[in-house]
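The values are calculated or read from the model by the stated rules, or taken from the named source; none is laboratory data. All figures in this text were calculated on a predicted structure; none of them were measured in a lab. Cβ coordinates were reconstructed from backbone atoms using ideal geometry, including for glycine residues, and neighbour counts include every protein chain displayed.
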Amino acid sequence: MGDEQERPWVRIAGSIILGGCGVLAAMVPLYCSKQKSLETQVVKTQADQTQIDALQREIAQLQAAVSEKDAEIAKLKERPTPAANAGGSAGGIQHAALETPQLGPKEEAPAATRPIRSFTERGVVIQLKSCALSGSAVKCDLLFVSKELDRNVALKTGNLSRAIDESGRECFATFLALGAHNNGPFSSVESQLPADVPIGGQIQFDGVKPTTKKLQLLEIVLAVGDSSGWHDTVVKFANVEL
């Protein structure tokens, strides 16, 4: 009988124990799930931190490159600017401007930037500014400057001043101008050049082929007069573009 009276308590204790085990059994999966979630977050946080570190290294490299370029730019700005050629006379004509740039065998100067050629005789500088073809006539613009004293200058036509085109055809000067004077019916034109005062001139050749692009040779007879008399010289310009 005593055993039968104790059975209900045994059953109650067993129920309590079994109930506790059931609760524990239910909590274990939940705990494991939370544990895995925390581990996943830790891994993700570590990956994000790795990316942040990589981006910070790239930013540091870019900043270093920018600083290096800034330093190079600062050095370039500190370099002195080459001084322009200040040579020349009071008349404003610089000798450096009279130099003819050397072009390669296949290089051609554009019409707008053709070099100014020059020739000096007894202190008189004659510049060939340009030559242009119109029909069968070539007109060349000239500029004269006496660099020392007042000089008498003359140009001569006839068979003395001539042009030879690219095909080998020879043409003689038919018209000359020097300042306000021209040769008219004569074979020469004369004018006085004040020192350091430029005066324009012109020479024309007729009978040139209309398809001519270049003069192989341009010869102009120039006479310079001084106290000892007149002195003739032939001014030559080669490969003159039209």
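Brief remarks follow.
- Taking region 157-177 as the range and being buried (at least 21 other Cβ atoms within 10 Å of the Cβ), within 19 Å of W230 (Cβ to Cβ) and not polar (S, T, N, Q) as the test, the residues that pass are A173, L176.
- Taking region 150-205 as the range and being among the β-branched types (V, I, T), in contact with a strand residue (DSSP E or B) (Cβ under 7 Å, 6 or more places away or on another chain) and not in a strand (DSSP E or B) as the test, only T157 passes.
- Single residue of D165, D196 found to be under 16 Å from R122 (Cβ atoms), in contact (Cβ under 8 Å) with a residue 40 or more places away in the chain and acidic (D, E): D196
- Failed item, numbered, when V208 is tested on (1) assigned to a loop (DSSP other than H, G, I, E, B); (2) out of contact with any Lys or Arg (no Cβ under 8 Å at 6 or more places or on another chain); (3) at negative phi: (2)
- Check on I73, under 21 Å from the mean Cα position of the chain (by Cα) and at pLDDT 75 or above: yes
- Residues located in region 219-242, provided they are touching a residue at least 24 places away in the same chain (Cβ under 8 Å) and over 18 Å from A154 (Cβ atoms): F237, N239, V240, E241, L242
- Residue match in region 106-120 (condition: more than 30 Å from F144 (Cβ to Cβ), modelled with pLDDT under 70 and of a type in the set (V, I, T)): no
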